[in-house]
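Worksheet: one structure, shown below.
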Amino acid sequence: MGAPTPKALSSSQTKMDRLKRPSAPDSVVLSANEVAAMIGSGIDWSVRKSFDSLRVELLEGTVAVYCRLDTRVIPRDALGPVAGFLHPMEPLRIAGPLSIERPGIGRFMIQELSLRGIAFPGPMVTQLAQRVAGADSTGAVPLRVSPSFTDVAIHPTGIVLYRTKRGKS
């Protein structure tokens, strides 16, 4: 589990800057703390301000983001009967793969969403992801990322950022 510390933000930026050099390595690896810093700083502030105590867990092919969500930002009708049971701040977990759409823009595709431990079914995930995380109509949250990398591979031990697109087998 990683948290977005100032040290992790600085370290992740240093690693991403290494990919810009003429003699750059083909990839760098970010720790969970560095990924949390990248996500925390890359999410639009209008969304990020409703997330408190952000944490990131790296899984095989998936990133899980945990936080305390200010539930007052969610229209009551979006949650149905669950709305009546929520406190102003509730634990949120969103999870899914991370990809690079184009240089400088990543996409965190939310495939799982649970609020206060209640997992929402697939059809509701996209709708709620739009309301709580600023996702687009496909359920993807845009992230500002360094244009120095064009591909990612997510593993429990770290995320590999690749300078060039990997071949798919």
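Here are the numbers:
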item: Matching residues, the range 3-34, being touching a Ser or Thr at 6+ places or on another chain (Cβ under 8 Å), within 22 Å of M109 (Cβ to Cβ) and modelled with pLDDT under 95; result: P4, M16
item: Members of the range 96-114 found to be among the aliphatic types (A, V, I, L, M) and either touching a helix residue (DSSP H, G or I) at 6+ places or on another chain (Cβ under 6 Å) or within 13 Å of V65 (Cβ to Cβ) (or both), listed by number; result: L98, M109, I110, L113
item: Scan of the range 1-14 for residues that are surrounded by 14 or more Cβ atoms within 10 Å (Cβ to Cβ) and either closer than 23 Å to A95 by Cα or without any contact (Cβ under 8 Å) to a residue 40 or more places away in the chain (or both), ordered by number; result: G2, A3, P4, T5, A8, L9, S11, S12
item: Any hit, the range 29-38, residues being closer than 21 Å to P147 by Cα and of a type in the set (D, E); result: yes
item: Scan of the range 108-130 for residues that are within 17 Å of L59 (Cβ to Cβ) and in a strand (DSSP E or B), ordered by number; result: F108, M109, E112, L113, S114, A119
item: Inter-residue pairs, beta-carbon under 9 Å, first closer than 11 Å to I110 by Cβ and in the range 121-137, second among the hydroxyl-bearing types (S, T, Y) and part of a helix (DSSP H, G or I), 6+ apart; result: V132/T71; G134/S46; A135/T126
item: Any chance I94 is crowded, with 18+ Cβ neighbours inside 10 Å and in contact with a Phe, Trp or Tyr (Cβ under 9 Å, 6 or more places away or on another chain); result: yes
item: Checking S23 against (1) surrounded by fewer than 20 Cβ atoms within 10 Å (Cβ to Cβ); (2) of a type in the set (G, A, S); (3) farther than 15 Å from S148 by Cα, the condition it does not meet; result: (3)
item: Scope the range 42-91; condition among the small types (G, A, S) and either touching a helix residue (DSSP H, G or I) at 6+ places or on another chain (Cβ under 6 Å) or surrounded by 17 or more Cβ atoms within 10 Å (Cβ to Cβ) (or both); matching residues; result: G42, S50, A78, A83
item: Subset of the range 1-14 [part of a loop (DSSP other than H, G, I, E, B) and within 16 Å of P156 (Cα to Cα)]; result: M1, A3
item: Enumerated helices (runs of 4 or more DSSP H) restricted to the range 15-93, each holding at least 3 residues that are of a type in the set (A, V, I, L, M, F, W, C), in contact (Cβ under 8 Å) with a residue 24 or more places away in the chain and closer than 25 Å to I159 by Cα; result: 32-42
item: Residue check for R102: under 30 Å from R21 (Cβ atoms), surrounded by 15 or more Cβ atoms within 10 Å (Cβ to Cβ), more than 15 Å from the chain's Cα centre (by Cα) and of a type outside the set (A, V, I, L, M, F, W, C); result: no
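The values are calculated or read from the model by the stated rules, or taken from the named source; none is laboratory data. What you see is a predicted model; the values in this text were computed from it and never measured. Note: ideal-geometry Cβ built from the backbone for every residue, glycine included; neighbour counts use all protein chains shown.
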